[in-house]
Amino acid sequence: MQLFATADFAPPPSLRLRRDRAERILNGLRAAVVFLLTAAALMYAPHLSRALNIANILVLAPTLAWTVAQYLIWYRRPELPDWLSAVNPIVDVTAVTAIIGGYAVAQSGVLALRSPIFLMYFVVLAGRPVASSVRKAALISALAFFEYAVLLAWLWGTDRIPVSVNPIDAVQLARITPLDEAAKLVLLAVFGIVSTYATSWVEHLVREASKESAERQRVVTRLVQSELDTLKLQLNPHFLFNALNSAMALIATDPPAAERMVSELSDFLRLVLSTSSEQEVPLERELGLLDRYVAIQRVRFQDRLTVSCNIEDGVRGALVPSLLLQPLVENAIRHGISPRAGAGYVQVSARRLGDKLSITILDDGVGVRARRSRERSRGTGLGLTNTTTRLIHLYGDSHEFESGPRDEGGYAVKITIPFKLGRVNPGRSVGELNETLATVVKS
């Protein structure tokens, strides 16, 4: 694994949200630490020199103000500003360096360098893997090492710290040994590298997990797409079988009508093939297919069949599953109107309800009992079953499908799907059929 993530690595939303949450937690810890240091400074204030108290105030007051300001300005937003994850550790590292330098100026360099405040460098670096990118972690690690190295050079250069090579003498004589400070620099460097590597490791794991998740999603999408295509392909032979049966029944009694039905069937299949690769099409195109299908059925039923469409203005461009209306209208005609001795009607309506599209197909056929008996005896539930399955795959919980008997008699199917506008762009063969469609009897 590379030490640093690639420059074009874009963290997924899940990682950004986790880093944002981590930065909020770290800011809360920062606030707690600053409040504790402020409380300790106030407790020790009577025993400290005026210069030390001033040094505490000059460092703690701005840090505390900056920490509280973040809650007031940005914490009501869904996400914190991205630059905050770099500015906060820079402020923390600089505050630690400033307070060590302030103690050295106000009191003595020995007191400053032996103060446990030095450990705050490691606390700041420890939070980088969960809250920062690799570049930011490397920047903060280098900054901590550089600031402490510059601080040491300044203290030695200005003779603010007495030096003793022997560590025992350094303790007894209140001096500083270069070996101890060199060890601190080495620890800072090593911890900075470890912090940067840990950040890189987290990004590497996230990158690999994102790739695997995307690949799994692509596989699932392909499986769902294949299933949807299979469901669509089942509808075409299903309709073709029913239409050819009707044409065969007319050959002996009305050959011209059978010829017209086969011609209309040819045009209908040409339209279906033009949208075979699309799962969603504009409602306008579905209505064109329905017109052609109704023209086929009129050859058989003639005056016994009335199909009307009530389409609200502005919804013809809404996207709907391809081959949605024809199977449902076919079910209404085959199981509701066909068994009737007299004439019957089928009504198709579509309207917008907020961010939803509502489509209703109803008939005044024989009713639900006769319908169920015919479905059991002839096994003709493919249209409704496939339509329901396709809606589940395409929209999940964002759709509604209801079917059942009407109080006035007959049957009704109601579908509610998300309203999405698409361009009314005819398929490959629709343009060739515009003149033909103009002559179809409008339902």
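The values are calculated or read from the model by the stated rules, or taken from the named source; none is laboratory data. Small disclaimer: the values here were computed from a predicted structure and weren't measured. We place every Cβ from the backbone using ideal geometry, glycine too, and count neighbours over all the protein chains shown. Side chains included, ligands, DNA and RNA excluded: accessible areas come from the protein's heavy atoms. Shrake-Rupley method; radii C 1.70, N 1.55, O 1.52, S 1.80 Å.
Some notes on this structure:
- Restricted to region 401-430, and to residues there that are modelled with pLDDT of 85 or more and in a loop (DSSP other than H, G, I, E, B), the residue that is surrounded by the most Cβ atoms within 10 Å (Cβ to Cβ) is Gly410.
- Close Cβ contacts (under 7 Å, 6 or more residues apart or on different chains) running from residues in region 286-305 that are of a type in the set (Asp, Glu) to residues that are assigned to a helix (DSSP H, G or I) and open to solvent by 10 Å² or more (accessible area, probe 1.4 Å) comprise Asp291/Leu437.
- Annotation note: of Leu362, Leu357, Leu328, Leu391, the sole residue that is more than 20 Å from Arg300 (Cα to Cα), outside any strand (DSSP E or B), modelled with pLDDT of 80 or more and open to solvent by less than 30 Å² (accessible area, probe 1.4 Å) is Leu391.
- Among the residues of region 46-89, those that are β-branched (Val, Ile, Thr), under 18 Å from Arg24 (Cβ atoms) and surrounded by fewer than 17 Cβ atoms within 10 Å (Cβ to Cβ) comprise Val68, Ile73, Val87.
- Check on Arg222, modelled with pLDDT under 75 and open to solvent by 70 Å² or more (accessible area, probe 1.4 Å): yes
- In the condition set (1) outside any helix (DSSP H, G or I); (2) out of contact with any Phe, Trp or Tyr (no Cβ under 9 Å at 6 or more places or on another chain); (3) open to solvent by 80 Å² or more (accessible area, probe 1.4 Å), Leu119 is compliant with all but (1).
Table: residues versus (1) touching a helix residue (DSSP H, G or I) at 6+ places or on another chain (Cβ under 8 Å); (2) touching a residue at least 12 places away in the same chain (Cβ under 8 Å); (3) in a helix (DSSP H, G or I); (4) surrounded by fewer than 17 Cβ atoms within 10 Å (Cβ to Cβ).
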| residue | (1), (2), (3), (4) |
| --- | --- |
| Val130 | yes, yes, yes, yes |
| Ala138 | yes, yes, yes, no |
| Leu143 | yes, yes, yes, no |
| Glu147 | yes, yes, yes, no |
| Asp180 | yes, yes, yes, yes |
| Leu185 | yes, yes, yes, yes |
| Arg218 | no, no, yes, yes |
